[in-house]
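Before any comments, here is the structure.
Only the coordinates and a few stated rules stand behind these numbers; no lab work does. What you see is a predicted model, and the numbers here were worked out from it, not measured in a lab. Here Cβ is always computed from backbone atoms with ideal geometry, including for glycine, and neighbour counts include all displayed protein chains.
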Amino acid sequence: MTSAFDDVLLLERHDDGPRVVWRYLTDPACGSGNNNFSLPYGLPPICVPGATKGQRRGAEFTFTISDGRSRQLYGLVKQVALKPETPALVACILAPKPLYVWLAWILRLVHARLLHDPTKRSTMTLLNAIRGAHHDGPLVFADSFVGDLKTYTFPLHPPGAFGARALEPHILNYRSFTTKLQTPSALLVLLSALLLEQRVVVVHDEHDLLTGLCQLLLRLLSPLVWKHMLIPVLPMALLHYASAPIPYLLGMTTSVYKATKLSNVVIFHLDAGNVEFRDLLGAFPTLCDEFPISPTVGAVPFARLGTPIYRDSTSALAAFRRDLLHAFEAEPETLETCVNALLYHLFADASSFLRSSAKQGGAYVDLPAYLAARRGVDPPLLHRFVTAIAATPMLQTYCNDRLARLHARDIYHGPLYVCIQAKDFHYAQLRRNLQRRSTQSQEYPQVTQLVAGMWTQSDRFHVSLADVRPLLDATYHMDHCGIVIDMLWERLGDGNDSTVATALQILVYLMLDGCEIVTEYLRFKECQRNHCRILKRHSFRGIVHGATQLLDFMSGPERLYTIRTSNSTQQWLSKVTFPRLELKQRYALPAFGDLHHNVGRFYQPVHSVDLLNLHVDDKKQDVVHDPFDTNATFPEHWR
């Protein structure tokens, strides 16, 4: 049994380069018995690649370091905000398996505890509890942030899977990626190169776009898992990594790329708008009708790759190409659903060809039988591509990691579980199933009903701490917490004022007495859509008070931590009341300029969103729109 992670580090950015300022394994409070884990060479520059133009803060990105054999080290990096005057701080977690969902949860819990308790005392107790827990299935451990012991639950997700899309705003804006790639065919060539384990380099000057694109590509490969070298932004000090004779996915800035002399590599110039094939050892098939076989040498502009041609209107590939073109032109957020549905259509049913043999070293797929079965279903272009993938180690890795453990699917969660549970592997049905799981309500119907039950009484204007106790307990289950926050946040856009006020009250209770990761998720949500800042200008006092308290706790986690550690939650709630809603006509509406700015931010490029600076304390002049307010001041000519 391996531990969930190997080490957790904090790094600071300095003029002479990044430095490791803290390690979990070297801390005196570390309860691990094995502290001999050595950091790989070049880790600090990978975690902190340096400042660049258009860079945002608060990002999360993954990386993989491989030795070219069978050993990989998977990492997740998250930028941390403690105080504005402190140097830029980055948290990194290293793990032996690509359990990205768990790694993200651990780092978000660590970040939340560092914001509330900079002494790292509660952080060490959390990491010791996770490190000492046994997890043949889900990871369950007991720990106390403040008060009594709580049971934290990490449900089991398949290796390589990522968390709920709604809780990860740094990859929500797919429009910036589709704009750079220009055509769906360019994305198909890029995916084909990765699926066939080529050496791929992406060139662009913005670090955030490189990290976001690499994160998106990892999600698009599901159910297959990329286990080769992955560095979203390759620093100049590690330029020799690009000469490694193994498959990799590297991001480079233009200055770093000009200093390289590479061969046998596929280069995507996002600035120049072309794909370059440099002395490939052999051509590889693609999913493009217009570009079925890649050349070994040459450069092709994205614009020349053309638009999809529908030669066979009845095949799954034709339906996929139509959906992909629609995603590029109208709904870029559905890219993940389209690509995942096609790959699940091709590989999720391979379990029927799973065989077990001692000579083969365990589970393996009967490739001749699998390809023979696909020949009658897939068109020639798709069958040629599937045949090429079947000869790569990626499919064998997929079998070992996922198909060999199908007996444990009742404890799996995520897209793989949804697709296998349906037992219908047609592309159209898979796409519908994946499209419906925006909040994972299919996997956790109990918690969905629990949230919906808070509004069963139509005349309910106030909830107490006892009413939301089941929701408070649900936040310590990481998937349940995501569903609860996601559903409550959507209620803030409801047209019923009592619904909005009740949702705000519940969110305040969750921050006061729920899991500490609630604050982290609410900061993500507020950065996506500025609901609370808009609701502060609402006409009803209950809504204004709830939104103000949420923003106060987001911007001042030390105050929230003081309330929780002093056991004064009940005393604080007894002094702060949520006013009963006054049913009257609204007058105070947001000014058009502010409303247009806040709505427009959701469609801005990905690098324009700052996940750490909410600017909730900015002094703004309040405009009174209520003509019956006796305290309002009006121009002289009104009198």
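Here are the numbers:
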read-out	value
Local electrostatic count, residue 144, Cβ distance below 14 Å [Lys/Arg +1, Asp/Glu -1]	-1
Value of Rg/Rh across the range 166-306 [Cα atoms, Kirkwood radius]	0.93
Long-range HN-HN contacts of residue 206 with modeled amide H, under 5 Å	none
Principal axis dimensions, the range 130-238 - Cα atoms, whole angstrom, descending	53, 33, 28
Filter on 180/536; 97/120; 78/150; 180/227; 78/423 - keep pairs with C-alpha separation over 28 Å	180/536; 78/423
Karplus (6.51, -1.76, 1.60) ³J(HN,Hα), θ = phi - 60°, over the range 257-272, in Hz, Gly and Pro reported as x	5, 5, 8, 9, 10, 10, 9, 6, 8, 9, 10, 9, 8, 6, 6, 7
Cβ-defined net charge surrounding residue 473, 11 Å radius [Lys, Arg +1; Asp, Glu -1]	+1
Where only C-alpha atoms are counted, convex hull volume of the range 226-265 per residue in Å³	68
Phi-based couplings in Hz for the range 231-243 (Karplus 6.51, -1.76, 1.60; Gly and Pro marked x)	9, x, 10, 7, x, 4, 5, 10, 4, 5, 4, 5, 8
Summed side-chain charge close to residue 262 - residues other than residue 262 whose Cβ falls under 11 Å, Lys, Arg +1, Asp, Glu -1	+1
Spherically averaged projected area in nm², based on the convex hull that wraps the Cα atoms of the range 497-566	4.4
